[in-house]
Amino acid sequence: MCDERERLIGYVYDECDPDERQVIADHVASCETCQQEISGLRRVREDLLAWDVPEYESVWRPFVPPRAASWRDLPVWALAAAAVLLLLAGGAGGAVTYAMLPHRPVLTAAAAPRPAAVVPASDVVHSADLEALEARLTEKFQNEVDERVKLVAAHASAPAIEPASDVATSPEDLRRQVQALRVTLDRVSKAQDQLSKSVYADLMSFGETQRRIEQGNNYILTSLVRHAPADGSAGR
Amino acid sequence: MTRTDEELVARATAGDLESFNQLVARWERPIHALAYRTLGRDEDARDVVQEAFLRAYRGLRGFKGEAKFSSWLYRITLNLCRDWVRRERRAALVQPPEGTDAVDLADERAAPTESVEELVARREMSKAVSRAMAELPEEQRHAILLKEYHGLTFQEIADMLGCPLSTVKTRLYQGLSVLRRRLERQQAEEASLRRATWESSSS
């Protein structure tokens, strides 16, 4: 043992089989050198515990699953910039159109101040309305998908044959069972096909809804441009 | 419900990124500790953590589950550390922890009951261990790191380092014996220095 000190490592880490452990324990009990060796190894292991590592804060930037791009992904500054561009484009367009139109004589005396354009309250679309509409449509879409999935799953799981006879006792039985299995497989295949089409249609419809919401948003921006006060005080 | 590493690996391999994020959250601290104790510099250790997980993600399909996921990560980390040392063309640094301010020290106590003197002694020992470890041959240092700080079995270390089990035991024994001698010598030197200081101040 004193010549094979590596064996003490298994003993110190308590990672040797019971027989080996007993042999080493018996030896160590009567060998002062090995006793010192073992206590020295245990002491150095205690010293190793003192080795600290610095405080660690995660440096990992979690992976984010990809999703379809949407105007909602744009930062606020980009939306604001788009709105400003629209305003400028509208103003420039208006100025050019005005410059190209034949000008009527200016009526000064009779020109009473024209009332500002009044937009019927029902025509004004608020973003809150659009959000509520989106929530309603999303919920409806989700419910419809759930219903269809349930329907198709129930349809597909309906047994085609009675599992009365597990084992075919004749070629006739076997043929009948194979035929019934074919029918079941065919049904499952059709059900899967139906489910795929239905989900695809729903996705298309969801896309259409998103498109309409975006149209609504454009409508808000256009309304802002159209009804902006002529003195340029919009947004103050 | 807590998923096992194997379950998370299977899901991540199938494309579930969130499962991989969970694996990172579970293992980034041990990986950082291993890299720090190998390289000796926190900044480099953090870079290695990032690189190790990126490499693990890219190699996920090649991970066949023959070893534990953690062992596989440790191997990636040690390989990266080895590359880093070669690239930098210098030995791993031994960087003593900064700050000896009494207030800083008080904040770093392991337990409220630990006195400032005990903390100073622990930090001195931490530096001494770090220095002594940095001087060990790489294979002994790796065996000690994986055994002492990451609790791998002899067999796991042997599989990871690609050597027989008996070699792992030999490396551990030799490494610990060298550390023991160095630490005892350092402690003896410090004790004699303290004694000399005390004698000169009292005379």
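Of the residues A:122, A:189, which single one is modelled with pLDDT under 60, surrounded by fewer than 13 Cβ atoms within 10 Å (Cβ to Cβ), in a helix (DSSP H, G or I) and not basic (Lys, Arg)? Only one candidate passes the filter, namely A:122. Selection over the range B:25-50 of residues that are buried (at least 19 other Cβ atoms within 10 Å of the Cβ) and farther than 21 Å from residue B:84 by Cα gives a count of 0. Close contacts from the range B:39-51, counting a first residue that is over 23 Å from residue B:131 (Cβ atoms) and a second that is buried (at least 19 other Cβ atoms within 10 Å of the Cβ), with Cβ to Cβ under 6 Å and a gap of 6+ residues or different chains, come to B:49/B:28; B:49/B:31; B:49/B:32; B:51/B:80. The residue pairs whose first member lies in the range B:118-136 and is more than 9 Å from chain A (Cβ to nearest Cβ), whose second member is acidic (Asp, Glu) and outside any helix (DSSP H, G or I), and whose beta carbons are closer than 8 Å, counting only pairs six or more residues apart or on different chains, are B:119/B:108.
Set side by side, the residues A:9, A:38 differ, and just one is touching a Phe, Trp or Tyr at 6+ places or on another chain (Cβ under 6 Å) and touching a residue at least 24 places away in the same chain (Cβ under 8 Å), which is A:9.
When restricted to residues that are over 19 Å from the mean Cα position of the chain (by Cα) and either in contact (Cβ under 8 Å) with a residue 40 or more places away in the chain or within 12 Å of chain A (Cβ to nearest Cβ) (or both), the range B:183-203 contains 4. Within the range B:163-180, residues that are more than 13 Å from residue B:142 (Cα to Cα) and at the interface with chain A (Cβ under 9 Å from one of its Cβ atoms) reach partners that are basic (Lys, Arg) and assigned to a helix (DSSP H, G or I) with beta carbons closer than 8 Å, at six or more positions or on different chains, in the pairs B:180/A:43.
Results for (1) loosely packed, with under 14 Cβ neighbours inside 10 Å; (2) at pLDDT below 80, shown as yes or no for each residue.
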residue	(1), (2)
B:6	yes, no
B:12	no, no
B:17	no, no
B:55	no, no
B:65	yes, no
B:71	no, no
B:97	no, yes
B:100	yes, yes
B:118	yes, no
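The values are calculated or read from the model by the stated rules, or taken from the named source; none is laboratory data. All figures in this text were calculated on a predicted structure; none of them were measured in a lab. In this analysis, Cβ positions are derived from the backbone assuming ideal geometry, glycine residues included, and neighbour counts consider all displayed protein chains.
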